[in-house]
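The values are calculated or read from the model by the stated rules, or taken from the named source; none is laboratory data. Keep in mind the model is a prediction, meaning the values are calculated, not measured. So basically every Cβ, Gly included, is an ideal-geometry build from the backbone, and we count neighbours across all protein chains shown. With ligands, DNA and RNA removed, areas are computed over all heavy atoms of the protein, side chains included. Shrake-Rupley method; radii C 1.70, N 1.55, O 1.52, S 1.80 Å.
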Amino acid sequence: MSMKRKKVSVIGGGFTGATTAFMLAQKELADVVLVDIPQMENPTKGKALDMLEAAPVQGFDANITGTSNYEDTKDSDVVVITAGIARKPGMSRDDLVQTNQKIMKSVTQEIVKYSPNCFIVVLTNPVDAMTYTVFQESGFPKNRVIGQSGVLDTARFRTFVAQELNLSVKDVTGFVLGGHGDDMVPLVRYSYAGGIPLETLIPKDRLNSIVERTRKGGGEIVNLLGNGSAYYAPAASLVEMVEAILKDQRRVLPSIAYLEGEYGYEGIYLGVPTVLGAGGIEKIIELDLTSDEKAALDQSAESVKKVMEVLA
Ligand SMILES: NC(=O)c1ccc[n+]([C@@H]2O[C@H](COP(=O)([O-])OP(=O)(O)OC[C@H]3O[C@@H](n4cnc5c(N)ncnc54)[C@H](O)[C@@H]3O)[C@@H](O)[C@H]2O)c1
Ligand SMILES: O=C(O)C[C@H](O)C(=O)O
């Protein structure tokens with residue numbers, strides 16, 4: 001009996017797109033189609049072929065193709081959007097909104113034409129507003145249009161906590177809620193090392209500085225790179241979400257989800273804890289928040305709404 005392989009298309013073959021494609025193939029999660037604009041067709045084909053030639057060495061069975069033709073994305077199970085411009089030092093993610101909004105609209109039309117039943121996972125910044133744009137343009141139900149930010153932001157938080165405590169990252173858990181901006185909300189009260197609340201392990205001032213570093217984690221990398229933004233951890237985060245969907249894992253992961261009353265917000269996409277499985281976002285988990293946590297989340301939601309006003 002033969003099992004048909006899953007298919008994932010990654011739109012945008014730049015740093016995050018190419019890294020995501022390679023990680024998906026290395027994990028044998030799907031055959032991967034990497035898509036970029038016609039002017040980038042040869043470099044995209046070149047990247048895909050180069051990755052494919054790593055398969056015999058690493059021993060993975062997955063096909064990777066590069067293209068600028070959306071017909072090649074036909075019947076994808078999941079489509080990941082990384083197309084668009086990235087920020088440079090001195091810029092905020094919100095400075096990318098107008099350029100990337102146009103790109104979201106055009107790529108979404110092509111995605112929907114060839115894969116009307118797919119799940120879409122959006123990475124392009126400013127990602128809360130771009131996920132909303134893709135949701136509107138696609139006409140898909142909300143469970144099938146998902147944004148990535150919280151897995152990455154939580155991964156940064158977990159990295160810094162593990163460094164602070166000199167413990168394995170595997171034993172550190174956390175939750176970052178809200179928009180993917182400098183006012184995101186790392187929920188320290190819901191964060192643990194080996195099941196022990198972090199607040200009992202790390203002094204308050206050290207925890208506060210970890211929270212601050214997490215909030216500015218994207219900018220820290222942008223300043224170090226000098227000419228672009230992070231891509232290894234963002235790609236790993238996308239792959240974790242795609243894997244949860246393809247394998248129906250029902251993972252509890254933060255996703256950028258469309259809210260219709262949850263946490264008191266209506267009609268916006270925002271980072272919240274979700275259950276990710278074969279139905280995409282199968283559930284939004286509503287945590288009890290203190291008044292300080294809710295005020296911080298309100299501020300983050302306000303920032304997202306301001307960017308959404310530019311969309312109109
Ligand atoms: N949400 C997050 O956590 C997160 C993390 C990292 C990066 N990002 C965002 O992801 C985006 C991509 O970042 P990157 O580092 O890969 O940038 P990059 O410049 O390396 O790659 C972007 C690619 O998109 C392609 N592209 C542009 N217009 C396109 C179109 N219409 N169709 C198909 N492809 C198109 C470009 O040719 C380029 O190859 C940026 O907006 C960045 O800010 C978000
Ligand atoms: O910071 C950026 O502009 C890219 C991304 O959103 C990140 O957090 O690394």
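Numbers for the structure displayed
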| read-out | value |
| --- | --- |
| Within segment 75-126, considering residues that are more than 16 Å from ligand 2 (Cβ to nearest atom) and acidic (Asp, Glu), the one nearest to Gly178 (Cα to Cα) | Asp77 |
| Segment 145-172 - residue that is part of a strand (DSSP E or B) and closer than 24 Å to Thr16 by Cα and, of those, nearest to ligand 2 (Cβ to nearest atom) | Gly147 |
| Verdict on Val185 being near ligand 1 (Cβ under 10 Å from one of its atoms) and surrounded by 18 or more Cβ atoms within 10 Å (Cβ to Cβ) | no |
| Failed condition for Arg206, given (1) in a helix (DSSP H, G or I); (2) open to solvent by 20 Å² or more (accessible area, probe 1.4 Å); (3) within 16 Å of ligand 1 (Cβ to nearest atom) | (3) |
| So Val239, is it out of contact with any Pro (no Cβ under 6 Å at 6 or more places or on another chain) and open to solvent by 10 Å² or more (accessible area, probe 1.4 Å) | no |
| Every residue from segment 60-79 that is open to solvent by less than 20 Å² (accessible area, probe 1.4 Å) and closer than 10 Å to Val33 by Cα | Ile64, Gly66, Thr67, Thr73, Ser76, Val79 |
| Test: Leu246 is hydrophobic (A, V, I, L, M, F, W, C), closer than 24 Å to Lys170 by Cβ, in contact with a Ser or Thr (Cβ under 6 Å, 6 or more places away or on another chain) and away from ligand 1 (no atom under 16 Å from the Cβ) | no |
| Residue list for segment 108-132, filter: surrounded by fewer than 24 Cβ atoms within 10 Å (Cβ to Cβ), part of a helix (DSSP H, G or I) and either within 9 Å of ligand 1 (Cβ to nearest atom) or of a type in the set (Ser, Thr, Tyr) (or both) | Glu110, Tyr114 |
| Unmet requirement for Lys142, which otherwise passes all of (1) within 16 Å of Val272 (Cβ to Cβ); (2) within 11 Å of ligand 2 (Cβ to nearest atom); (3) charged (D, E, K, R); (4) surrounded by fewer than 18 Cβ atoms within 10 Å (Cβ to Cβ) | (2) |
| Residue check, Arg215 away from ligand 2 (no atom under 13 Å from the Cβ) and either basic (Lys, Arg) or under 18 Å from Arg93 (Cα atoms) (or both) | no |
| The one condition in (1) among the charged types (D, E, K, R); (2) in contact with a Gly (Cβ under 7 Å, 6 or more places away or on another chain); (3) not assigned by the TED database to the domain that holds Glu302 that Arg156 fails to fulfil | (3) |
| Any helices (runs of 4 or more DSSP H) falling wholly within segment 1-59 and containing at least 3 residues that are within 16 Å of ligand 2 (Cβ to nearest atom) and surrounded by 18 or more Cβ atoms within 10 Å (Cβ to Cβ) | 15-26 |
